[in-house]
Amino acid sequence: MGSDRFDVLREQVRGQVIDEGDAEYDTARTVFNGMIDRRPAAVLRVSQVADVMAAVRFARGLKIDVAIRGGGHSAPGFGTVDGGLVLDFSALRGVRVDPGARTARVEPGATWADYNHATHAFGLASTGGIIGSTGVTGLTLGGGIGYLCRKYGLACDNLVSADVVLADGSFVTASEAENVDLFWALRGGSGNFGAVTSMEFRLHPVDMVHVGIIFFDAADGVEVGRAYREWIAAEPEEMGAFLGFHQGPPVPFLPEEWHGRPVAVIAGMWTGDVDAGPRHWQPMLDAGPALGSFFAPMPYPGLNIMFDGLSGVPGLQGYWKADFLKALSDDVLRTAVGFSPGIPTVHSANHFYPIDGAVQRVAPEATAFAYRNVNFAPAIAGQWPDASDNAANIAWVRDYWAALHQYSEPGGYINFQDADDQSRIEDTLGSNYARLAELKAKYDPDNFFHINQNIKPAVPAGAASGIETRTPTEREARPAEARQNQGTPKSNPAEGASTT
């Protein structure tokens, strides 16, 4: 696979094509999760939509795999692939705001920090993640949970339109007015239906918010969790805050003796009248003996990047799991407390995100995101610096998830699932899976876009397209099998498990 193999592609694109013969190759192939050490045949640093169209046709002609990299955070490493072509959108990070229409047009490599910086200039925002370096496109395609979802719904609920390059290299726009079925599938169906080259979002008035972070001893987590579940259910939708279990971070408002020890945390923001913020936070301060707390009015983008220095650090080893919960029961809380002493590092997190309010006012069949009748989305994100700790830390995540899953729904939040969760794809997409499989057969009958939590076409690809099919089973099994075997580190410990 020498460089001459990609000379044809170089002639067809304006972006830079980097292969194994180039000095930049190792930098270009690196993704957020340090556990991923894959060697693509080439990386295309996309410069414009025409590059994507040409690259898809080129890869299709050579019958090589294509991976899409936006923010690069995919925990399973779906932003890269061994022996294939990576479409790297990281140079395309523009955000254009129309303050009159209250919309924002976003390029595919933009992060939520980019997005929030641009929209905040106009006192506007929409639901994003809790880490600023997460990619806008990938998070939205999987649904998109964030601080604003109780008030304004998921990120995908605020999507107005998307430009997409399909598996045959053609370009379409999907919205409520055109390609309506594709638009439906993009809102929760993840990266299965094409390469998204821009997104347009609906914006809402969000400017200064009242931020709160409260730490408790993790041993008090059951009592704190009971208070939290009653408080968040009673609070207006302007309150967006999660319950989490961490190692105490080295922050000035947490006593030093609690740094590195298991803590429970309530973190988030009040988006109503800023002066009313302290009153709305007070019930959680009264929930138990707080170890430390921080409250302050700040611009919304400030909260969105507050945890980047902990969970948004590139190069850490990472392994994640996720579920959905109808209730934050005492059994769930006791499980969280029981596993809190094993939290791998200060970079790791176990969060319970509230997804009630506006999220539940959207019908399960209105978008591909079907889980509209649950109240919480738990995520277990194990992250650590040393690959020699992989076996123990992966085991902790898996054991914790197994203990928690008995109280959970069958499916889980797709953006926090890992490669070995592929077997859960039908449960994760729930009642919408059958329709998504039909649309996969319509828009990607050969399963060209399969480096993802993959939806298989509902009908044989040859019957749908007349094109000789390529069985994706081995391609899908490789990352899952590799991850399942990571309990014992290999001679190259970086081989293995970041959300695009």
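Taken over region 185-237, the criterion of being more than 17 Å from S293 (Cβ to Cβ) and part of a strand (DSSP E or B) is satisfied by A195, V196, T197, S198, M199, E200, F201, R202, H204, P205, M208.
Of all positions in region 270-281, at least one carries a residue that is aliphatic (A, V, I, L, M), surrounded by fewer than 24 Cβ atoms within 10 Å (Cβ to Cβ) and in the same structural domain as P378 (by TED's automatic domain parsing). Looking only at region 350-383, residues that are in a strand (DSSP E or B) and either out of contact with any Cys (no Cβ under 9 Å at 6 or more places or on another chain) or surrounded by fewer than 20 Cβ atoms within 10 Å (Cβ to Cβ) (or both) come to 11 in all.
Among the residues of region 89-111, the one identified as over 25 Å from G79 (Cα atoms) and touching a Pro at 6+ places or on another chain (Cβ under 9 Å) is R102. The residue that is farthest from the chain's Cα centre (by Cα), counting only those in region 238-257 that are of a type outside the set (G, A, S) and in a loop (DSSP other than H, G, I, E, B), is P255. Just one residue in the set D65, D88, D82 is under 14 Å from T137 (Cα atoms) and within 25 Å of the chain's Cα centre (by Cα); that residue is D88.
Of the residues making up region 310-325, those that are of a type outside the set (K, R), within 23 Å of N390 (Cβ to Cβ) and outside any loop (DSSP other than H, G, I, E, B) are L310, S311, Q317, G318, Y319, W320, A322. Please pick out the residue among A162, A155, A121 that is farther than 20 Å from L439 by Cα, of a type in the set (G, A, S) and crowded, with 24+ Cβ neighbours inside 10 Å. That would be A155, the only listed residue that is farther than 20 Å from L439 by Cα, of a type in the set (G, A, S) and crowded, with 24+ Cβ neighbours inside 10 Å.
All of (1) out of contact with any Leu (no Cβ under 8 Å at 6 or more places or on another chain); (2) buried (at least 19 other Cβ atoms within 10 Å of the Cβ) hold for E176 with one exception: (2).
Residues that are over 26 Å from A387 (Cβ atoms), out of contact with any Ser or Thr (no Cβ under 6 Å at 6 or more places or on another chain) and surrounded by 21 or more Cβ atoms within 10 Å (Cβ to Cβ) within region 11-43 comprise V13, V17, A42, listed in sequence order. Would you confirm, using the coordinates I've provided, whether L328 is assigned to a loop (DSSP other than H, G, I, E, B), in contact with a helix residue (DSSP H, G or I) (Cβ under 8 Å, 6 or more places away or on another chain) and at negative phi? Answer is yes for this residue. Residue count for region 355-380, restricted to those that are out of contact with any Pro (no Cβ under 8 Å at 6 or more places or on another chain) and among the hydroxyl-bearing types (S, T, Y): 1. Does at least one position in region 342-360 carry a residue that is over 24 Å from M239 (Cα atoms), in the same structural domain as V222 (by TED's automatic domain parsing) and among the acidic types (D, E)? Looking through region 342-360, none of the residues is over 24 Å from M239 (Cα atoms), in the same structural domain as V222 (by TED's automatic domain parsing) and among the acidic types (D, E). Of the listed requirements (1) closer than 21 Å to G71 by Cα; (2) part of a loop (DSSP other than H, G, I, E, B), A177 misses just one: (1). Restricting attention to region 1-58 and to residues that are of a type in the set (G, A, S) and over 16 Å from R69 (Cβ atoms), the residue that is modelled with the lowest pLDDT turns out to be G2. For the structure I just gave you, tell me whether L154 is outside the structural domain of A363 (by TED's automatic domain parsing), under 19 Å from the mean Cα position of the chain (by Cα) and closer than 26 Å to G15 by Cβ. In short, no. Name the residues in region 258-294 that are under 27 Å from the mean Cα position of the chain (by Cα) and part of a strand (DSSP E or B), would you? Scanning region 258-294 gives P262, V263, A264, V265, I266, A267, G268, M269, W270, F294.
The values are calculated or read from the model by the stated rules, or taken from the named source; none is laboratory data. Since this is a predicted model, take the numbers as computed values, not measurements. Every residue, glycine as well, gets a Cβ built from its backbone with ideal geometry; the counts of neighbours run over all protein chains shown.
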